[in-house]
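Notes follow the structure.
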Amino acid sequence: MSEVRLEVKNLCKSFGITKAVQNVSFNVNKGEVHALIGENGSGKSTLTNMLTGIYSIGSGTFVLDGKEIHPKNQVEANNEGVSIIVQELGTLSGLTVAENIFLGHEDQFVHMGIKNTNAMNKKATELLKKYGFERIKAADIIDEYNFEDRKLIEIVKATYFDPKIVVIDETTTALSQEGREELYKHMNRIRESGNSIIFISHDLEEVIEQSDNISVLRDGVKIGSITKAEATPDRLKALMVGR
Ligand code: ADP
Ligand code: MG
């Protein structure tokens, strides 16, 4: 029996009259890549944004390792062991690569009220090397990098502290095949360490290849969850569109 890492229980969220997420429940096991699929507007980002403190929870609960969590922002989510690579650009212009990686977690580099930029850059450089992204320089202003490189930096930012759950929201859309391979490598590393991933992608072949289980949303409602072994692109497509 696999052990449950995250229980998503009866989650709901509305924006005005739009019921973006309606009573969605599913479990994510330890060491699992759990894909969340559905057409545009089916509620995938709304659900994972609630988990990671970007949106407030409408109603329902997230239980991580047996403890209910309700992070009020992304820093609180990180401290609970949850992180996200957002669908949009998730890095801030005007800051360096290192400042982006450690955004909200600069305390570790502050000593007697003074931020030690050298120590921060050194740590970021070590991480970039570990991830195989040496050509990205810690002290550079992030605006010098293109969208794909900024997504690679976000991979470091979202995973360097070994969170229990990492949400990857449509990240592969922005990546070349090479960038995707990099991401898959880190997804496998996370999975092997017993931590878990919620993986959102439109590429159904990629979803089947990379995931252990797949939950399907349609109009904010969970239609079903199926295993990798049961999944085919046609079957997933049929669940997504309801035909
Ligand atoms: P997905 O990620 O599956 O494409 P979303 O979660 O982004 O879907 O959207 C679900 C629904 O909620 C859509 O109808 C979308 O327009 C609406 N929605 C999402 N975020 C907001 C927001 N911040 N304000 C208003 N409506 C939103
Ligand atoms: Mg989305």
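Laboratory data are not the source of any read-out in this text; all were calculated from the coordinates shown. What you see is a predicted model, and the numbers here were worked out from it, not measured in a lab. Using ideal geometry, Cβ is built from the backbone for each residue, glycine included, and neighbour counts are taken over all protein chains shown.
Mark the label point 7 Å from the Cα of GLU144 along Cα→Cβ and return the residues of the range 77-116 whose backbone N is within less than 18 Å of it. Taking a point 7 Å out along Cα→Cβ of GLU144, the residues of the range 77-116 whose backbone N falls under 18 Å are 91-102.
For the range 73-112 versus the range 171-237, the spacing of their alpha-carbon centroids is 25 Å. Loop only per DSSP, at most 10 neighbouring Cβ atoms within 10 Å: give me the GluC sites (Glu not before Pro) in the range 117-159, ordered by residue number. When the GluC sites (Glu not before Pro) of the range 117-159 are filtered for loop state and at most 10 Cβ neighbours within 10 Å, GLU134 remain.
The shape of the range 51-107 comes out prolate: with a ≥ b ≥ c from the C-alpha gyration tensor, a/c is at least 1.5 and a/b beats b/c.
Note on the chain: Cα Rg divided by 2.2 N^0.38 Å, N the number of residues, gives 1.01. Once C-alpha pairs closer than 8 Å and six or more residues apart are averaged by separation and normalised to the residue number of the chain, the relative contact order reads 28 percent. Among ALA229, ALA158, ALA98, the largest mean-square fluctuation in a Gaussian network model of the chain (Cα springs under 10 Å) belongs to ALA229.
The slack in the chain from ASN40 to VAL63, taken as 0.36 nm per residue of separation less the alpha-carbon distance, amounts to 5.6 nm. A full extension of the chain between ALA119 and GLU7 corresponds to an added length of 36.6 nm, given 0.36 nm per residue minus the alpha carbon distance. By the helix-only formula, in which each DSSP H run with n ≥ 4 contributes -39500 (n - 2.57) and the sum is divided by residues, the chain has a 222 nm mean residue ellipticity of -9500 deg cm²/dmol. Each label point is 7 Å from the Cα along the Cα-to-Cβ direction; what then is the distance between the points at HIS70 and ASP219, in nm? In this crude spin-label approximation the distance works out to 2.9 nm.
In a reduced charge model with +1 at each Lys and Arg Cβ and -1 at each Asp and Glu Cβ, the range 9-87 shows a dipole moment near 180 debye about its Cα centre. Annotation for the range 1-36: GluC sites (Glu not before Pro) lying in DSSP loop with at most 13 further Cβ atoms inside 10 Å of their Cβ are GLU3. Charged neighbours of ALA124, selected by a Cβ distance under 10 Å, balance to +3 (K, R count +1; D, E count -1). Volume per residue of the convex hull around the Cα atoms, evaluated for the range 37-134, comes out as 161 Å³. Working from the Cα coordinates of the range 99-243, the gyration tensor eigenvalues give, after taking √(5λ), semi-axes of 35, 16, 14 Å in decreasing order. Summing charges over neighbours of LEU152, with a neighbour being any other residue whose Cβ is under 14 Å away from its Cβ, gives 0 when K and R count +1 and D and E count -1. Among the listed pairs LYS67/LYS151; LYS129/LYS164; LYS129/LYS185, give every one whose C-alpha distance is greater than 19 Å. Beyond 19 Å between Cα atoms: LYS67/LYS151; LYS129/LYS164. The Cβ shell under 14 Å around HIS105 holds other residues with a net charge of -3, Lys and Arg each +1, Asp and Glu each -1.
With a simple spin-label model that places each label point 7 Å from the Cα along the Cα-to-Cβ direction, the separation between LYS185 and MET112 comes to 4.2 nm.
Which angle from 0 to 90°, rounded to the nearest 10, does the C-alpha axis of helix 177-192 make with the longest principal axis of the chain? Its long axis makes an angle of about 80 degrees. Of the GluC sites (Glu not before Pro) found in the range 37-91, the ones in coil according to DSSP and having at most 12 other Cβ atoms within 10 Å of their Cβ are GLU88.
Semi-axes of the equivalent ellipsoid for the range 167-214, computed as √(5λ) from the eigenvalues of its C-alpha gyration tensor and ordered from largest down, come to 16, 13, 9 Å. With respect to the chain, whose longest principal axis is taken over its alpha-carbon atoms, helix 147-159 is tilted by about 90°.
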